[in-house]
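Derivation of every value follows stated rules applied to the coordinates shown; laboratory data play no part. Here the structure is a predicted model, which is why all the values come from computation and not from measurement. Positions of Cβ are generated from backbone atoms using ideal geometry, with glycine treated the same way; all protein chains shown enter the neighbour counts.
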Amino acid sequence: MNFLGALYLEKNMSGTSTGTVWLNKGNKKIAVSSPVDGDNFANIGKASATDYDQLIHQAQQAFPIWRAIPAPRRGEIVRQIGLRLRDFKLHLGTLISYETGKPLQEGLGEVQEVIDICDYCVGQSRMLYGMTSVSERPDHRLFEQYQPLGIVAIITAFNFPVAVWGWNAMIAAICGDVCIWKPSSKAPVTAIAMQKIVARVLEQNNLPEGIFSLVIGDRNVVGEKILSDRRVHLVSFTGSVAAGRIAAAKVGERLGRTILELGGNNAIIITEFADLKLTVPAVVFGAVGTAGQRCTTTRRLIIHESRYEEVKDHLLRAYASLKIGNPLLEANHMGPLIDRNAVKAYQKAIKTITRQGGTILFGGNILKGEGFSSQCYVEPTLAEVENHFPVVKVETFAPILYLIKYSGNVENAIALNNDVDQGLSSAIFSTNHNQVETFLSARGSDCGIANVNIGTSGAEIGGAFGGEKDTGGGRESGSDSWKSYMRRQTVTVNYGESLPLAQGIRFEIEE
Ligand code: UN1
């Protein structure tokens, strides 16, 4: 495992850093084992409440220094992070694959996603524009400007252990904010590797501690503190709907800001006009990529009855050809789930599907034997269900794909697409213009992402990423998402000789 050495990682490490400085190595440790082979390859010291306070203190010191650096100069630091990441892409991608179990291709793709957002942020750092408007008063100017916000806490999930941090931290950085990153305890080693990559850039540029901090620890020690801490101006939270609900309430209590990126229950509509040459690979990648553990994973197929049997046959053949095993080996399409608890959730869902009247068409079992010793490998699964089954309405973070039949026009398919609580991603496969435009219209998909003739996952960084309803409404990454990381200010300047009031109000005083 020379990728660990190449990333300057050791077996026992602290999980708390203010930048280049690592705080106490922690008495309490997280034993990190790989779902690939079950090997305990790292032990990470957990942050205490005191460590957390030190981090916040350092971030408060760093904020006025960082915000005073012109945004394009902050962009230059981000550019250097992107350059350094290119050097470490193979090693970091390999670590991601080993720590989370996602195929190496996807691990490398994830590092590329951070490189892409770095490049994007270099340009964006020169484009933190405010709008200039017109005043209703003579000799007055009305405009908007955006100012740095302060401390941004970024709480990420195991499934994208660096990309989601990248979307948030690189944007926050060019906006003049300082970041505190709490990664998932299920993927802490990747976060430490990333922190070390960033630290070298900070060091080379003589930047102070506290601009990019890392804190690895328990939800009830560190997580809760972040949520209720008024010194944290924005909490960007990625995780399940249930955890997001708690986070939103806690931050809301103190009227803090949140960006929520919660669960999805993403469907692909396959109409009578779908081109199956495109549809089948998109569906399979969407359903089994990251072993079904993306928030954008394809979970439901809404198939027109006239194509149902054909689609089913294609999928049965495709699923039979999938290779499951060590994700570091290029030949394998799918690796393990993140841990045994995820396997239990998969098993429970399989049982529930049949209990609620569904039929397992393919898979449904845990894989045993050589190469599967971590007990985290499962078969990708196809199940025939109806959209109203309760099991279909919840997000099971596993490679289970539901096949649902619809009849009639595309409106019926859209109604099924929208008939879940979550609203992250959606897609339609159709070559019929009217169907496509209906799907994209106001009466179409109600999700934050609506794709045409591509799958539900694998979004590019240039668009705003996020979803509606129980997905939480937040937007991250590209487009104008940067605005959420800044303090918006409306300015009115009077350059005249009198003081006219808006709305024509007259107010005169005599002196
Ligand atoms: C997530 O699963 O939280 O669109 C993010 C995608 C990836 C990001 C997924 N670019 O599938």
Which distance in Å, rounded to a whole number, links the C-alpha centroids of region 190-207 and region 474-511?
39
Ordered by packing density, taken as the mean number of other Cβ atoms within 10 Å over each peptide's residues, highest first, how do 177-188, 60-71 rank?
177-188, 60-71
Given the -39500 (n - 2.57) contribution per DSSP H run of 4+ residues, what per-residue ellipticity at 222 nm results for the chain, rounded to the nearest 500 deg cm²/dmol?
-11500 deg cm²/dmol
How high is the relative contact order of region 266-464, in percent, with contacts defined as C-alpha pairs under 8 Å that are six or more residues apart?
29
Just how large is the dipole of the chain about the Cα centre, in debye to the nearest 20, putting +1 at every Lys and Arg Cβ and -1 at every Asp and Glu Cβ?
1260
Kirkwood-based Rg to Rh ratio, region 266-464, C-alpha trace:
0.96
Phi angles of region 416-427, converted by Karplus (6.51 cos²θ - 1.76 cosθ + 1.60, θ = phi - 60°) into ³J(HN,Hα) in whole Hz with x for Gly and Pro, give 5, 3, 7, 8, 9, 6, 8, x, 8, 10, 7, 8
Obtain the nm distance between the two label points defined at L142 and A415 by a simple spin-label model: each point lies 7 Å from its Cα along the Cα-to-C-beta direction.
4.5
Where the centre of each part is set by its Cα atoms, how far does region 323-361 sit from region 212-281, in angstrom?
23
In terms of the alpha carbon gyration tensor, root eigenvalues a ≥ b ≥ c, rounded if a/c is under 1.5 and otherwise prolate when a/b exceeds b/c or oblate, region 296-406 is oblate
Could you rank the peptides 422-431, 271-280, 442-451 by their average count of other C-beta atoms within 10 Å per residue, with the highest value first?
422-431, 442-451, 271-280
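Using the eigenvalues of the Cα gyration tensor, what equivalent ellipsoid semi-axes result for the chain when each is taken as the square root of five times the eigenvalue, whole Å, largest first?
For the chain, the ellipsoid semi-axes come out as 40, 32, 19 Å.
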Distance between the C-alpha centers of region 1-70 and region 105-124? Whole Å please.
22
Which shape class applies to region 469-509: rounded if a/c is under 1.5, otherwise prolate when a/b exceeds b/c and oblate if not, where a ≥ b ≥ c are the square roots of the Cα gyration tensor eigenvalues?
prolate
Given unit charges at Cβ for Lys, Arg (+) and Asp, Glu (-), the dipole magnitude of region 195-329 about its Cα centre in debye, nearest 20, is 380
Per the C-alpha gyration tensor (a ≥ b ≥ c, the square roots of its eigenvalues), region 1-137 is rounded if a/c is under 1.5, else prolate if a/b beats b/c, else oblate; here it's oblate
In degrees rounded to 10, the 0-90 angle between helix 71-100 Cα long axis and the longest Cα principal axis of the chain is 20
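Distance check, please: which entries in K102/K483; K29/K89; K11/K46; K344/K368; K29/K186; K393/K469 exceed 22 angstrom between their Cα atoms?
The answer is K102/K483; K29/K89.
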Placing +1 on each Lys and Arg Cβ and -1 on each Asp and Glu Cβ in the chain, then taking the dipole about the Cα centre, the residue among A199, L424, Y485 whose Cα reaches farthest towards the positive end is A199
For L276 and Q60, calculate 0.36 nm times their separation in residues minus their Cα-Cα distance, and state this gained length in nm to one decimal.
72.3 nm
